[in-house]
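The values are calculated or read from the model by the stated rules, or taken from the named source; none is laboratory data. In this text the structure is predicted, and so the values were computed from the model without any measurement. As a convention, Cβ positions derive from the backbone with ideal geometry for all residues, glycine included, and neighbour counts pool all protein chains shown. When the accessible area is computed, the model is the full protein with side chains, heavy atoms only, and any ligands, DNA or RNA have been set aside. Shrake-Rupley method; radii C 1.70, N 1.55, O 1.52, S 1.80 Å.
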Amino acid sequence: MIYIQSDSEKKLPHHFDAACALYGAQDSALDFRLTSFEEIASGKFDSLIKQNLCVGSVEFMCEVFKRMNILNIPKVPYNSNRSCGIITLSDDKKIFIKPVQPKLFTGFVLDGSDYTCLHDLPDDTLVMVYEPFKNKILSEWRVYIHNNKVVDLKNYSGEFKFFPHYLFIEKCVEYNKNCKTKFPCAYTMDIGIFDFNQCEVIEYNDMWAIGNYGLPNDLYLR
């Protein structure tokens, strides 16, 4: 059984990605159930979610992990190929930040603007920091990886006509395969393309709560 997050009335999938999982289950002839966040939080599915797949928002999945008594939410061993430091939100620097706590907010360049995603976070919230890229990113691609193999890649920002070097992607995947701290069996890699078709890893992300940028629904579900 696949438990897919629904709206509060249990009539529709919670969001687009949940809908992709639902259609993926239908295409694969797999049993599924639309399940609200409130139902998961109630505990009535505690014995079932340990043996089955759950799909939903970050909040939904964090509640699933909580119900399963998984205190350390799975995450990729590192978030980029670039050097990383850790600061608190009280530091005022123009720098790319990503939360230490998984999925707390989406990574972005902190430049003094007012960001609503940070409003309710205390100043001592820990964030990973990276120097912003010096050159403009012309195109961004998400690479979906399963069992150390690239299953697909999709353009999600910028010029779609700039295609990343596949050899660069393969080298990154091979490096991660041999990493001392193992990557999960499924993760994504965001690639940026700069002038002269230079490629860099922007960041890695865990697959347990990641958007579908154009995968076939059955493949996204798998």
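Considering only D17, D120, D111, give the residue with the highest GNM mean-square fluctuation for the chain, with springs between Cα atoms whenever their separation is below 10 Å.
Answer for the Gaussian network model of the chain: D120.
Tell me, what is the 1.4 Å probe accessible area of E203, in Å² to the nearest 10?
Answer for E203: close to 20 Å² accessible.
Find the centroid of the Cα atoms in the stretch 55-115 and in the stretch 188-222, then give the distance between the two in whole Å.
The distance from the Cα centre of the stretch 55-115 to that of the stretch 188-222 comes to 17 Å.
Helix 166-177: angle to the longest alpha-carbon principal axis of the chain, degrees 0 to 90, nearest 10?
That helix lies at roughly 70 degrees to the long axis.
Quick one: accessible surface of D124, probe radius 1.4 Å, all protein chains present, in square angstrom to the nearest 10.
Approximately 110 Å² of D124 is accessible to the 1.4 Å probe.
Of (1) 50, 40, 34; (2) 53, 36, 31; (3) 63, 41, 33, which is the value of Cα extents along the principal axes in Å derived from the coordinates here?
Correct label, based on the coordinates given: (1).
Pick from A21, A29, A186 the residue whose mean-square fluctuation is largest in a GNM of the chain, springs joining Cα atoms under 10 Å.
Evaluated over the chain, the most mobile residue of the options is A29.
Which of the three applies to the stretch 1-63, rounded, prolate or oblate, going by the alpha-carbon gyration tensor with a ≥ b ≥ c and a/c under 1.5 meaning rounded?
Oblate, since a/c reaches 1.5 and b/c is not below a/b.
Where is the GNM fluctuation largest for the chain (alpha-carbon springs, 10 angstrom cutoff): L153, L48, L12?
Per the Cα network of the chain with a 10 Å cutoff, L48 tops the list.
Taking the chain as the reference, fit the longest principal axis to its C-alpha atoms, fit the long axis of helix 16-27 to the helix C-alpha atoms, and give the angle between the two in degrees, 0 to 90, nearest 10.
Long axis of 16-27 versus the principal axis of the chain: about 60 degrees.
Taking the alpha-carbon distance from K98 and a cut-off under 30 Å, which lysines remain once sequence neighbours fewer than 8 residues away in the same chain are dropped?
Result set, ordered by chain and number: K50, K66, K75, K134, K136, K149, K154, K161, K171, K177, K180, K182.
Hey, if we sort M128, M68, M189, M1 by accessible area with the 1.4 Å probe, largest down, what's the order?
M1, M68, M128, M189
Based on Cβ point charges of +1 for Lys and Arg and -1 for Asp and Glu, what charge dipole magnitude is obtained for the stretch 74-222 about its Cα centre, in debye rounded to the nearest 20?
620
Return one number: the angle in degrees, 0 to 90 and rounded to the nearest 10, between the long axis of the Cα atoms of helix 58-67 and the longest principal axis of the Cα atoms of the chain.
60
Using a ≥ b ≥ c from the Cα gyration tensor of the stretch 57-185 (square roots of the eigenvalues), is it rounded, prolate or oblate, where a/c under 1.5 gives rounded and otherwise the larger of a/b and b/c decides, a/b for prolate?
oblate
Whenever you get a sec, line up D195, D206 from highest to lowest accessible area (probe 1.4 Å, protein heavy atoms).
Output order, biggest surface exposure first: D195, D206.
When the helices in the chain are scored as -39500 (n - 2.57) per DSSP H run of 4 or longer and the sum is shared across all residues, what 222 nm value do you end up with, to the nearest 500 deg cm²/dmol?
That comes out to -6000 deg cm²/dmol.
Which distance in nm do the two modelled labels at C84 and A41 give, with both placed 7 Å along the Cα-to-Cβ direction?
My value for the distance between the label points is 3.0 nm.
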